[in-house]
Amino acid sequence: MDFSAPLSIVPSHFCGYEAWEHKLVKIDSNIEFVQFLQDSMINKSIEMVSSDIIEFLSKRSEFVTLILPALKYFVSQTSSLFPAPIYPFKPHKIALKEEFRDEIKCVPEFFLPVFGSDIETILLKQWSFSKQQTICLVCHMFCCSFPFVFNVDEVCGFNRYWECIKYPSAQAHLTMAMDYIKLCFLSPTYISDPTSIQINRVLLCDSLFSTFISSLKDHRFHLKHFNVLDELICGAFDRPLSTLIFHHDGYIGCYECPSDVELDFAHRSIGYGPFATQEEIVFGTMPEACIAPLVNTSMSDSEACCIRGTTHIGQGIGYAKSYKYKGVHGDISREWIELQSHSPEQFVLHSVPTDYIDKKTLRHPSIMCVDAKCYGYEDSLKCQVGDIHRDLQKYMCGILASMLSVQLSECHEHPPELKSKTPTYDGKPVEFSQINSLGTGPWGCGVYGGDKQLKLCIQVLGSSYFKVKCLHYFTFGEKKIQDQWDMWRGKHNITSAGKLFEILENYKKYVKHGGKKQIFEF
């Protein structure tokens, strides 16, 4: 099965699509578009806020002159961009220990092993979308034209954005989506870029994670067999810690401090939303990432996801209820072109000046989606310490998903005797790309109730293991954690991944026997 082929679950594969497209072409006003949204939504929940949506759209003069023509243009390409359906991820229940060898036979339709034996391996599932496919899907999501494809309670469009239009955060997300649509409509050089949006879903089996742990316990550890994981695993005990830079201002992904990879404080089911949690901000500022939930379902404790190739469109200010739209990044021109025609048939895409955007200044950070264990504020420290390995495995899995890159060509360059040692995915070579910088913060420490000090140690350990050069840690104003980390690290002379892991294991024993101190007091 060719996983890089055109794929998705789009309206062209469902009854009534032709009638829907014919109806969209006739829309020429804000009121008609709102009526179209009402007809598209099965639960009709938008009727209560229809006047608010009309008011929101009326404040944006370019909606009728530019956004509507863009929507018509891109959705008209649905059938050619998606000639055949490929269905969303349907996870199997996989036993990850002694039963794993038998269960893996059920998995290849969805996961393909990348490394090693059936028992000790990394499993990968990848989806790939072209820029044209991505904008087509985002336009469908904007119009809420997707059917309820998974179950009666799940939607696949921006329904909740429209339903919560009274909230500034929902308005911010919709405005950034419109800015993205404008970018694609007015910049043929961007939409024709061969760079694809890749969604990597990785499963790190328990047995391989146990190997990672073993390499952190003993500096003499070595592997009995040779493969490309050797370089990552061997020598982990003495590996120096990643450089940790604290930022007390700004936020993950801010334009002033770009990173190769940005951590998404994800929910088990990744995705966008109408409010302004950290995850909802990440997806809102990069609308291309919003297509990931179309194919990616709830993750297990051994899985993580990475979205590569997305463009950072805009930025907001504030958090939660105070979140508002600040504007597009400085690399995208605000000089929108007013079109005289409302009809996509009369609009020639390549007649628009190609200097509308400077492609060299665009940022394409990868989004590392990992969900921390959720605790209530009443949960004891003992519970969190007991889950150190769970969160470490999840975080490591996320880094692996961010490092893995599947090449487009077939894997023919290696001699036959080395093919079994060369990682491949569906016959294509797999490469590891080192992460130079990773933007992160107090992962899982908001409504999930995690301990900030413990989560910081887990992130530093996981990043150091895979040779991440620099961690940009955004404290969100809590400046004391930097002094606490510096004093605690100096006190224990923590200079390597092995030493940090040793302290964590000793701390686990301390808490298990009734200790109450936080780790930086230990």
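The numbers here are math on the coordinates, done by the rules we state, and not lab data. Model, not experiment: these values are computed from the prediction. Reconstructed Cβ throughout: ideal geometry from the backbone, glycine too, with neighbour counts over all protein chains shown.
Under a Cβ-only charge scheme (Lys and Arg +1, Asp and Glu -1), can you give me the dipole magnitude of region 29-74 about the Cα centre, in debye to the nearest 20?
Values: 4 positive and 6 negative charges, 26 e Å.
Dipole about the Cα centre, nearest 20: 120 debye.
Short version: ³J(HN,Hα) in whole Hz for each residue of region 274-290, in order, from phi by Karplus 6.51 cos²θ - 1.76 cosθ + 1.60 (θ = phi - 60°), x for Gly and Pro, what are they?
Result, rounded to whole Hz: x, 9, 9, 6, 4, 5, 5, 5, 4, 5, x, 7, 10, x, 4, 5, 5.
Could you run the Karplus curve 6.51 cos²θ - 1.76 cosθ + 1.60 with θ = phi - 60° over region 66-78 and give me ³J(HN,Hα) per residue in whole Hz, x for Gly and Pro?
10, 5, 4, x, 5, 4, 5, 5, 6, 6, 5, 8, 3
Under 5 Å between amide H atoms, partner at least 5 residues away or on a different chain: which partners does S242 have, H built in plane at 1.01 Å?
Long-range HN contacts for S242: S464.
Taking amide hydrogens as modeled 1.01 Å from N in the peptide plane, which residues meet the under 5 Å criterion relative to G273, leaving out close sequence neighbours?
For G273, whose amide H was placed from the backbone, there are no distant partners under 5 Å.
What are the ³J(HN,Hα) values, in whole Hz, obtained from phi via the Karplus relation 6.51 cos²θ - 1.76 cosθ + 1.60 with θ = phi - 60°, for each residue of region 168-184 in sequence order, with x given for Gly and Pro?
Couplings: x, 5, 5, 5, 5, 5, 5, 5, 5, 4, 5, 4, 5, 4, 5, 4, 5 Hz.
For the peptides 468-474, 206-212, 261-267, what is the packing order when you average, over each peptide's residues, the other Cβ atoms within 10 Å and list the highest mean first? Write down the numbers at each step before the final one.
On the way: 468-474: 21.1, 206-212: 18.7, 261-267: 25.4.
Going from most to least packed, we get 261-267, 468-474, 206-212.
For region 246-282 and region 449-489, compute the distance between their C-alpha centroids and round to whole Å.
Distance between centres, Cα-based: 16 Å.
Quick one: which of 494-507, 297-310, 235-248 comes out on top by average Cβ neighbours within 10 Å, and what's the full order, highest first? Provide the component values of the computation, followed by the final result.
On the way: 494-507: 18.6, 297-310: 22.1, 235-248: 16.9.
Result, highest mean first: 297-310, 494-507, 235-248.
Name the long-range amide H neighbours of E262: under 5 Å, sequence gap of 5 or more, or other chain; modelled H, no Pro or chain starts.
So E262 has HN proximity to S366, I367, M368, G439.
Going down the list K166/K373; K217/K455; K373/K499; K131/K166; K394/K512, which pairs span over 27 Å between their C-alpha atoms?
K166/K373; K131/K166
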